[in-house]
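S.K.: I'd like to ask some things about the structure below.
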Amino acid sequence: MLQMNVQPIPTVSDRINEIRGLTASIVNNEILPHENMLWADVRGDHRLTDADREEARDLRRGVMDKVRQAGLWAPHLPTEYGGAGLDFLELAYMYEVLAYATGASSLFGIVAPNSGNQSVLVKYATEEQKQKWLLPLIDGTLQSGFSMTEPDQPGSDPRSLKTTARRDGDEWVINGHKWFTSNGLRADFFIVMCRTEEVEGTADRNAAMTQIIVPADAPGVNVVRGITVWGRPSDHVEIIYDDVRVPLENALGERGSGHQAAQDRLGAGRVYHCMNSLGQMWRAFDLMVERSLTREVHGGPLETKQFIQGMIADSYIDMQSARLMTIDCAEKMAAGQDARTDISAIKVFVPAAFHRVVDRAIQVWGAAGVSGDLPLAGMYQGARTLRLADGPDEVHKILMAKNVLAAYRRGGKGWDFGN
């Protein structure tokens, strides 16, 4: 099996290179050689014995111990909460390496939506909320879900959400209909995006949004069904909130801060999703080239066929273009520059490039490419899903065009592609 070839990058910090190297070492030596067995019990293979299931659990525990020894556990969390305390760029580069191996991020303490909810709680929760919800979430005592999308409203416009939270004495009364609520079958609590009363003195629709912590066992929380994704069961659910009452102190941050909290999550999340895509593209590229070198067809190896050589070249172009665009965007964000146009650009380009790279890899592998023996089929579905997640392509294209046109109208100058 090919290992991920991670060498130091001359233009980044020593710390980033150290993180990449340590992560790659664990991925190459502890995860890839056992990739199938690590998740055998999770896949529900009926042929497994009890000894096989225990072996899988032992393997995962062993990897997590190595991660902790390397100081990389929960890299998204500050050190005071038991995390590695990595900054934005360090995390971005780490996620690229982690995504090379199936399920590696969970072995490093990064499990959606818990990791995203943890970051929101770190920033917006009161000390009492952190003690009650954040710390048990970090140590695994509690599970969480994120409840924002609604079936009757466009997910691309969160300001159109209809779920309401009305003040009644010292409680919020929540009513609404959500779906694609993540981790809904296991969650002990949800972070729910609600429309609260309009904030006085502002016409900003964003100011009406508040995120509220709702226990999963609160009266009126009705999980209607689990939602299948790509024809298979998922952890997403449909929920009706029917006169759900929670204390006022369950609101996260100030009333009206919900939209900003969501943007904090989604802005960085779009870069992280793209870096994850790059790691998977890297794996797909390696698998494709490896297959072309070892597969004999029609009197010679695949590598000698010009069709295959064209696929390799096109995939290299897609990979490098997507990677450079994403890193440029991440560097702008880290420097505090306005990267909104760049975020939308990578959100459109990277999933499409990811889709093309995986599609070519599947074609080179033939029937094996769509089997469960390789990670390519899952990558293909994931790449297509990313064109919808965190805003569909069309919305981001509109945002890009608006930003560019506004800059030309405002300054009377062309676009500055150097910054």
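Taken together, the values in this text are just the output of simple stated rules run on the coordinates, not laboratory data. Note that this is a predicted model, so its numbers are computed, not measured. We place every Cβ from the backbone using ideal geometry, glycine too, and count neighbours over all the protein chains shown.
S.K.: Counting only residues 5 or more places away or on other chains, whose amide H sits under 5 Å from the amide H of Ala251 once H atoms are built in the peptide plane?
M.R.: Under 5 Å from the amide H of Ala251 lie the amide H atoms of Ile213, each far enough along the sequence or on another chain.
S.K.: Same structure, new question: Distance between the C-alpha centers of the stretch 399-419 and the stretch 91-120? Whole Å please.
M.R.: 34
S.K.: What order do you get for 345-358, 163-176 when each peptide is scored by the mean count of other beta carbon atoms within 10 Å, highest first?
M.R.: Details: 345-358: 23.9, 163-176: 17.3.
Ranked from most to least packed, the peptides come out as 345-358, 163-176.
S.K.: Using only Cα atoms, locate the centre of the stretch 1-40 and the centre of the stretch 323-341, then give the distance between them in Å, rounded to an integer.
M.R.: 24
S.K.: Would you kindly derive the ³J(HN,Hα) couplings of the stretch 211-225 from the backbone phi angles with the Karplus curve 6.51 cos²θ - 1.76 cosθ + 1.60 (θ = phi - 60°), listing them in order in whole Hz, with x for Gly and Pro?
M.R.: In residue order, the calculated couplings are 9, 10, 7, 10, x, 5, 9, 5, x, x, 8, 10, 7, 6, 5 Hz.
S.K.: Sticking with this one: Summing +1 for each Lys or Arg and -1 for each Asp or Glu, what net charge is found among the other residues whose Cβ lies under 13 Å from the Cβ of Gly378?
M.R.: On the way: positive: Arg43, Arg232, Arg283, Arg384; negative: Glu35, Asp373.
Taking every Cβ under 13 Å from that of Gly378, the sum is +2.
S.K.: Along the Cα→Cβ direction, 7 angstrom out, place labels at Tyr316 and Arg186. What is the inter-label distance in nm?
M.R.: 4.1
S.K.: Note the full-extension length gain between Ile9 and Arg410 as 0.36 nm times their separation in residues minus their Cα-Cα distance, in nm to one decimal.
M.R.: Details: separation 401, 0.36 × 401 = 144.36 nm, distance 3.84 nm.
Gain on stretching Ile9 to Arg410: 140.5 nm.
S.K.: Pop out the ³J(HN,Hα) list for the stretch 107-120 in order, Karplus 6.51 cos²θ - 1.76 cosθ + 1.60 with θ = phi - 60°, rounded to Hz; leave Gly and Pro as x.
M.R.: 6, 9, x, 10, 10, 6, x, 4, 5, x, 5, 4, 5, 5
S.K.: Where Rh is the Kirkwood radius over the Cα pairs of the stretch 36-168, the temperature 25 °C and the viscosity 0.890 mPa s, what D in µm²/s does Stokes-Einstein return?
M.R.: This corresponds to a translational diffusion coefficient of 142 µm²/s.
S.K.: Report, to two decimal places, the Cα Rg of the stretch 127-255 normalised by 2.2 N^0.38 Å (N = number of residues). Each step should come with its number before you reach the end.
M.R.: Details: Rg = 14.6 Å, N = 129, 2.2 N^0.38 = 13.9 Å.
The value comes to 1.05.
S.K.: Considering the Cα trace of the stretch 260-411, what is its radius of gyration and what is Dmax, both in angstroms?
M.R.: For the stretch 260-411, the Cα radius of gyration and maximum Cα-Cα distance read 17.8, 63 Å.
S.K.: For a quick check: sort Cys329, Cys274 by the number of other beta carbons within 10 angstrom, fewest at the front. Walk me through the numbers on the way to the answer.
M.R.: Details: Cys329 25, Cys274 28.
So the residues, fewest neighbours to most, are Cys329, Cys274.
S.K.: Send over the Kirkwood Rh of the chain, from the inverse of the averaged 1/r over different Cα pairs, rounded to one decimal Å.
M.R.: Details: mean 1/r = 0.0432 Å⁻¹.
Kirkwood hydrodynamic radius for the chain: 23.2 Å.
S.K.: Picking from Trp39, Val122, Leu107, whose Cα lies most toward the positive end of the charge dipole for the stretch 1-160 (charges on Cβ: Lys, Arg +1; Asp, Glu -1)?
M.R.: Selected residue: Val122.
S.K.: Using helices alone, what [θ] at 222 nm do you get for the chain, with -39,500 (n - 2.57) per DSSP H run of 4 or more residues, divided over all residues and rounded to the nearest 500?
M.R.: On the way: 12 runs with 189 residues, N = 419.
Mean residue ellipticity at 222 nm (helix-derived): -15000 deg cm²/dmol.
S.K.: Also: Take the Cβ-Cβ distance between Asp87 and His298 as r, set R0 to 41 Å, and report the resulting FRET efficiency rounded to the nearest 0.05. Could you put the intermediate results ahead of the total?
M.R.: Working: r = 52 Å, r/R0 = 1.26.
Efficiency, rounded to the nearest 0.05: 0.20.
S.K.: If you don't mind, there's one more thing I want to ask. Through the Karplus equation 6.51 cos²θ - 1.76 cosθ + 1.60, θ set to phi - 60°, convert the phi angles of the stretch 261-267 into ³J(HN,Hα) values in whole Hz; use x for Gly and Pro.
M.R.: Result, ordered by residue: 4, 5, 5, 4, 6, 7, x Hz.
S.K.: So, counting K/R as plus one and D/E as minus one, what does the shell of residues with Cβ under 11 Å around Val364 add up to? Working shown, then result.
M.R.: Details: positive: Arg291, Arg295, Lys305, Arg360; negative: Glu290, Glu303, Asp359.
Local net charge: +1.
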